[in-house]
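In what follows, a single structure is set out as structure tokens and then discussed.
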Amino acid sequence: MKQNKQNISIIIPVLNEADCIGKLIGYLKQNYTSNYIEEIIIVDGGSTDNTIAIASANGVTVITSEKGRAKQLNRGAACAKSSILYFLHADTFPPKNFGNSIINAVEKGNQVGCFQMKFDSDSRFLNFFAWFSRWNYKICRGGDQSLFITKDLFLKTNGFNERYMIYEDNEFISRLYKTSHFTVLPLHVKTSARKYEEKGKFRLQYHFGIIHLKKYLGASPEKLYDYYKRNIAV
């Protein structure tokens, strides 16, 4: 019996992303193979700017969710029609023909994985850390690298843990490394360095390092979020 064709649902969580969501949607439509991409789903967590209007005007599916990226990602996955889910941040641009790369990986038996990452910056400091995204270790993973996963595996692993207001990507990927073969594809996404530029590269990387350490030492999702609010969100 002929297998059903594999398709991809792109799921993008947003909150006040009016400055970049239109650019990302335009880029996606120019750089994917339409035979593979079934839909683009924008999951809004309560934007107060023009994010929803811009996304709607660009002809994609827009749904609403409670605030919190884990909740938004799970909501998008629940609405997705495709056999493969591709989670993407609003300020991250995947490589050209990324759909082909994902489909090829899944057809080779890789149910979950990501791309390597580069920043849209010439900062040696930032690109030093981005360089490590080529290595297939969970310590080198992060949501900015994007994530593809078959819907079957997503459901079996219960998706994102909604207790995490931050660190939801790392927590989920850490579980996936324990249960599945995780693959890192040889192409690169390009992600924005805007937060590092706003908060300070060294300061922000330091606080991200502390969050990783706190999680390793057993800090709860609530304590991680409290640290984030006090040191990064301000």
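Normalised by the number of residues in the chain, the mean separation of alpha-carbon contacts (under 8 Å, six or more apart) gives a relative contact order of 21 percent. What is the calculated FRET efficiency for Lys178 to Asn97, with r their C-beta to C-beta distance and R₀ = 25 Å, to the nearest 0.05? Plugging the Cβ-Cβ distance into 1/(1 + (r/R0)^6) gives 0.20. Overall shape: rounded for segment 8-193, with the ratio a/c of the largest to smallest alpha carbon gyration tensor axis below 1.5.
Quick one: net charge of Tyr177's neighbours, Cβ under 9 Å, K/R +1, D/E -1?
Details: positive: Lys138, Arg141, Arg175, Lys178; negative: none.
Neighbour charge sum, excluding Tyr177 itself: +4.
Could you check what % of the DSSP bridge pairs in the chain are antiparallel, to the nearest 5? Percent antiparallel among DSSP bridges in the chain is about 25. A straight Cα-to-Cα reach below 14 Å connects Lys190 with the aspartates and glutamates Asp91, Asp120, Asp122, Asp144, residues fewer than 8 places away in its own chain not being considered.
Residues whose amide H lies under 5 Å from that of Leu187, counting only those 5 or more places away or on a different chain, are Gln116; hydrogens are built 1.01 Å from N in the peptide plane. Shown here for segment 23-85: GluC sites (Glu not before Pro) in loop regions (DSSP other than H, G, I, E, B) with at most 13 other Cβ atoms within 10 Å, namely Glu66.
In segment 149-184, which residues have a backbone nitrogen under 11 Å from the label point lying 7 Å from Ser220's Cα in the Cα-to-Cβ direction? No residue qualifies, since no backbone N sits under 11 Å from the label point. Gln72 sits among other residues whose Cβ lies under 13 Å from its own Cβ, and their net charge, with Lys and Arg +1 and Asp and Glu -1, is -2. For the chain, return all DSSP H helices satisfying: extent of Cα atoms along own axis at least 18 Å; mean Kyte-Doolittle hydropathy at least -0.5. Qualifying helices: 201-216. Net charge of the neighbourhood of Ile52, taken over other residues with C-beta under 11 Å away and scored Lys/Arg +1, Asp/Glu -1, is -3. Straight Cα distances below 20 angstrom link Lys156 to the aspartates and glutamates Glu107, Glu168, Asp169, Glu171, with same-chain residues fewer than 8 positions distant left out.
Only the coordinates and a few stated rules stand behind these numbers; no lab work does. Computed from a predicted model, the values in this text were never measured in an experiment. Ideal geometry is used to build each Cβ from the backbone, glycine not excepted, and the neighbour counts take in all protein chains shown.
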